[in-house]
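The values are calculated or read from the model by the stated rules, or taken from the named source; none is laboratory data. Here the structure is a predicted model, which means the values were calculated and not measured. In this analysis, Cβ positions are derived from the backbone assuming ideal geometry, glycine residues included, and neighbour counts consider all displayed protein chains. Just the protein is used for accessible areas: all its heavy atoms, side chains included, with ligands, DNA and RNA removed. Shrake-Rupley method; radii C 1.70, N 1.55, O 1.52, S 1.80 Å.
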Amino acid sequence: MTALLFVFLLAHPIVQAPADGPTLAQIQTLLENGRTDEALGEITKLDETTKNQPLVQHLTGLALYQKGHYQQAVGHLASSFSKSQKGAAQRLQAAHLLGMSNYFLNRLPEALVFLAEIEGSSFDTSETQYLRGICQLQVHQVEEGRKTFARMFSLQPDSAASHLINAQMMIRQQLEEFAVPELEKALAVDPKLPQAHFLLGELAIYKSDLDRGIELLLKEIALNPGFAMAYYRLGEAYTRQLKWDEAIPPLQKSIWLNPFFSGPFIVLGKVYLKKGDLTNAESILKRALAMDVNNYSGHHLLAQVYQKAGRQEDARKEFQTAERLRSDSPQP
Amino acid sequence: MTRPAFLLTAGLLAGTYLYANGFTVSFTDVTKEAGLVHPVIYGGVDKKRYIIETNGPGVAFADFDNDGWMDILTLTGSRLEGFPEGKAPTNRMYLNRQDGTFKDVTDQSGLNNPGWASAVTVGDYDNDGWVDLFITCWGQNRLYRNRGKWKTTERFFQDVTLPAGLGQPETRWGSGCVFLDYDRDGDLDLFVANYLKFDLKSAPTPGKGPNCLWKGVPVNCGPKGLPTDTNLLYRNRGGGTFEDVSKTSGVGLVQGKYAMTALVTDYNNDAWPDIYVACDSTACILYRNNQDGTFTDVALEAGAAYSEDGQSQAGMGVASGDYDGDGLLDIFKTHFADDLPVLYRNTGEGYFEDASRAAGFDHTRYVQWGTGLADLDNDTWPDIFTVAGSVYPEVEARLKEYPHRNPRLVYRNLGNGRFQDVSNEVGPAVQSPYSSRGCAFADYDNDGDIDILAMNMNEPPQLLRNEHITANRPGNNWLKLQLVGKRSNRSAIGARVRLWIGERVLVQELTSQASYYSSNDPRLHFGLGAAQSIDRGEVRWPNGNVQVLQKIQPNQIITIEERGD
């Protein structure tokens, strides 16, 4: 993020002349060089009248943003934004930073206001487009989100691909309920669009409609037979139906198509574990972990293999490794 | 033991009545006629700004006045804006009138303590023959001693929290709690879980921080992002006082959990009580009793911390029972929406296997809370009943797929390791939507089948009368055992009963908290199917001694006292 800011600062030098001459210029230089604490130190030396100037507010907000103090940054940047002329570089940069800060603070409606302000300007990068699209989806502006992502991916807004991309982004944002109609729209435009049936299948499985999910995955495979992920999800769906033998072929195909993804290895290891084939389960899980050493699910399943094999010490170590790797454990 | 006269007909005609689907259960909502009219206030109705408003409380069935009939306790919350002096809602106690109705005795109960209550555990901590109450709260937890003054105009319970040594210098958010005799010295000790550290002054408001959006809708924040707390263990010193042994026992050393409902179960069959704690969004805890006054969290290696794939789940409610009839106690745990509940099958080798999918469970769109493994049709196989309710009332306005109020879920045990969803086949009362939290199981009308009380957020509770057995329909046979400890704790909490019927062995343990923050009928209820007699029975008392039961006939409530020799 800091590097990105350098780019912005260099590309968009704040043209407004500092009221106090060299002091503000020095602060700006310190910020451009990433010496944020020193810049903030210089700002504290300014008198109150100068501190309240829009440019100083702007620089203060920028410094606080650089330090990750988004809450504090917003107050200063809002002052800079409101007191700058529309279209001015300072206002656009303030809008950019306000959009980012509010996004990081999870204030998505507020972020969207500022990210919309910079739309089409030189501050509107792929990153801000992405964040704007995410904000639009999160506030359920589905159509606006699609247009934003279409622009970002250089697609026609009404194209099947555009609907697909929008749905993919929705799924990433856990907005599955919106993704289904979006994918159906994509298929209405292009019934053979690759990946649409796959995503619909994933969503059906997520909602526990396993039969429909499998049907959709098979449709995807018919349209897109080289798509390793479809085989992976198909195998996984069979495991949810406890159809261990039926799960093995698609998982193997997924691995043969893409041997560099640990997912099907891990599910296949689970299948062998459930079948009581501990030798194969251990072997395949170890292969998965060789390429994806930090996968806690893989370690957790391997621990179960060891446990079933009576290798309690090995099991204990694997359980501990899995626990160490979990990133979602909150700190007391 | 005195068997209610109106049960005689049921006993004489015992047999199996089959509904169309073969599951001979339906429920009737008898809340109003029973007199349970007061709503359980808990936070905002249409909006909940903070997580403190969302979790809700449990309920309890217990025989507080020792008349052989189950009474009711409902816990209360509050509202952020508060209430005028004297208008605040309170815990409510209802005494069973033995005719299907209850008498509200709240004013005389001594439990009139406004605030944010969470969980309840019921047990006779002072072994005086009257069951006492411990209630966790956001704020000061409370120990209420049953004074036994039920035939007087005096208060029934006395708040003895501080003299008992259970005062807390700081505000904590007590969650699950359970009486148990962990050191097997004959008196009840106390385990208390804490959910998280919550301070209204610093808590983020909806949508204003990480973990404050759900499917794009601003909602109350947490638990992720809020600091965790640690759990407590109090040893009963006798004389009505407790000693905090959280650190020395190891209980307080387990960190990083959002602990919720607590369940005591001897998972490894060593005759020492272990503690399982359902944890929200974090690994669950299984405190293994080391038989020396200490505990070790073994949930990870025991396979009871996560899903089978090692994913943390949002543990809310928990129940134990032998669902597959192998004589071992399994664990069922409820979770958040878009997840599946977990059924941990006890392998008998010191660890559990996740049997959820094998048993027929899959993801649901409901947030599930209170639950029980209870033999609703007395066919010897424990069924599963679960209540549900969203924590985000704001969501349904934008996403109809996630209604705030949900129906109950009923799963019939097919006796082959699998369950069948029969929620739509057990009467319309079960379909009525509520935002529920705790629920408790008891045979409140002593007719031989298990009834259910569900807590509903900001509405009166719902009392569901099981119609498996009616005056005109005998239903399957059953047996109910009231255990009275003598050398063990008087409530016999931690006792395990096994009954042999032909090739089947039925097993249950007596615990003082289950479901979600709730406490069930302490009489162990066994469905016996068509069996006309019980071949053999035994009680393993909390101190480990085994007492053989002989010549037991079905369809009665029996009191079994621990032998003193």
Along the range B:336-352, Karplus-curve 3J(HN,Hα) (6.51, -1.76, 1.60; θ = phi - 60°) to the nearest Hz, with x for Gly and Pro, reads 6, 5, 6, 10, 10, x, 10, 10, 8, 8, 6, 7, x, 10, x, 8, 10
Using only C-alpha positions, report the orientation-averaged shadow area of the convex hull of the protein assembly as shown, nm², one decimal.
-> 40.5 nm²
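Taking the Cα centre as origin and putting +1 on Lys and Arg beta-carbons and -1 on Asp and Glu beta-carbons, what dipole magnitude results for the range B:9-561, to the nearest 20 debye?
Dipole of the range B:9-561, to the nearest 20 debye: 1160 debye.
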Total charge dipole magnitude, the protein assembly as shown, about the Cα centre, Cβ charges on Lys, Arg, Asp, Glu only, Debye to nearest 20 = 1200 debye
So which of B:197/B:257; B:257/B:333; A:207/A:308; A:274/A:308; B:480/B:551 end up more than 20 Å apart, counting from Cα to Cα?
-> A:207/A:308
With unit charges on the beta carbon (Lys/Arg positive, Asp/Glu negative), name the residue among B:435, B:528, B:370 whose Cα is farthest towards the positive pole of the charge dipole of the protein assembly as shown.
-> B:435
What fraction of the Cα pairs in the range B:62-177, stated in percent, has a spacing above 19 angstrom?
-> 46 percent
Of the candidates B:141, B:556, B:351, the farthest towards the positive dipole end of the protein assembly as shown (Lys/Arg Cβ +1, Asp/Glu Cβ -1, centred on the Cα centre) is B:141
Give me the number: length gained by fully extending residue B:46 to residue B:199, i.e. 0.36 nm times residue separation minus the C-alpha to C-alpha distance, one decimal in nm.
-> 52.9 nm
At most 15 other Cβ atoms within 10 Å and a DSSP loop assignment: could you name the GluC sites (Glu not before Pro) in the range B:448-513 that fit?
-> B:503
Cα-Cα over 25 Å: which of B:247/B:486; A:45/B:201; B:47/B:224; A:83/B:215?
-> B:247/B:486; A:45/B:201; A:83/B:215
Rounded to the nearest 100 Å², what is the sum over both chains of accessible area buried where B meets A, with a probe of 1.4 Å?
-> 3100 Å²
Here the FRET efficiency for residue A:26 versus residue A:47, based on Cβ atoms and R0 = 22 Å and rounded to 0.05, is 0.90
Anchor residue B:32: lysines whose Cα lies under 19 Å away (excluding residues fewer than 8 positions away in-chain) | B:103
Would you please report the Å³ per residue occupied by the convex hull of the alpha carbon atoms in the range B:9-561?
-> 136 Å³
Dividing the helical contributions, -39500 (n - 2.57) per DSSP H run of n ≥ 4, by the residues of chain B yields a 222 nm value, nearest 500 deg cm²/dmol, of -500 deg cm²/dmol
Rounded to the nearest 0.05, what FRET efficiency do residue B:85 and residue B:397 give with R0 = 30 Å and r taken as the Cβ-Cβ distance? Could you check?
-> 0.30
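Mind checking B:306-317 for the average number of partner chain beta-carbons within 10 Å of each residue's beta-carbon?
Working: counts 7, 2, 7, 10, 14, 5, 3, 0, 0, 0, 0, 0.
For this peptide, the per-residue mean of nearby foreign Cβ atoms is 4.
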Percent of all Cα-Cα pairs per 20 Å bin for chain A, counting from 0 up to the last occupied bin, reads 25, 40, 29, 6
Heavy-atom accessible surface, probe 1.4 Å, ligands and DNA/RNA ignored: which residues of the range A:172-214 lose at least 40 Å² versus the isolated chain?
-> A:177, A:206, A:208
Mark the label point 7 Å from the Cα of residue B:296 along Cα→Cβ and return the residues of the range A:290-312 whose backbone N is within less than 19 Å of it.
-> A:303-304, A:306-308, A:310-312
Highest first, please rank the peptides B:143-156, A:289-302 by the mean number of other Cβ atoms sitting within 10 Å of their residues.
-> A:289-302, B:143-156
Work out the length of the dipole vector of chain A about its Cα centre, built from +1 on the beta-carbon of each Lys and Arg and -1 on the beta-carbon of each Asp and Glu, and round it to the nearest 20 debye.
-> 620 debye
Pop a pseudo-label 7 angstrom from the Cα along the beta-carbon direction at both residue A:242 and residue B:420 and give the gap in nm to one decimal.
-> 1.5 nm
Reach of residue A:192 by Cα under 21 Å, taken over lysines that are not fewer than 8 positions away in the same chain = A:219
Given the candidates B:125, B:547, B:193, the one whose Cα lies deepest towards the positive end of the charge dipole of chain B, counting +1 at each Lys or Arg C-beta and -1 at each Asp or Glu C-beta, is B:193
Heavy-atom accessible area per residue - the protein assembly as shown, 1.4 Å, Å² | 37 Å²
Segments B:79-86, A:265-272, A:33-40, B:424-431 sorted - mean Cβ within 10 Å per residue, highest first = A:265-272, B:424-431, A:33-40, B:79-86
Which of the aspartates and glutamates could a cross-linker bridge to residue A:86, judged by Cα under 15 Å and excluding same-chain residues fewer than eight apart?
-> A:117, A:119
Given Cα pairs under 8 Å that are at least 6 residues apart, what percent is the relative contact order of chain B?
-> 17 percent
In degrees between 0 and 90, to the nearest 10, how far off the longest principal axis of chain A does helix A:210-223 point, with axes built from Cα atoms?
-> 80 degrees
If you project the alpha carbons of the range B:288-420 onto the principal axes, what extent comes out on each, in Å, largest first?
-> 52, 36, 26
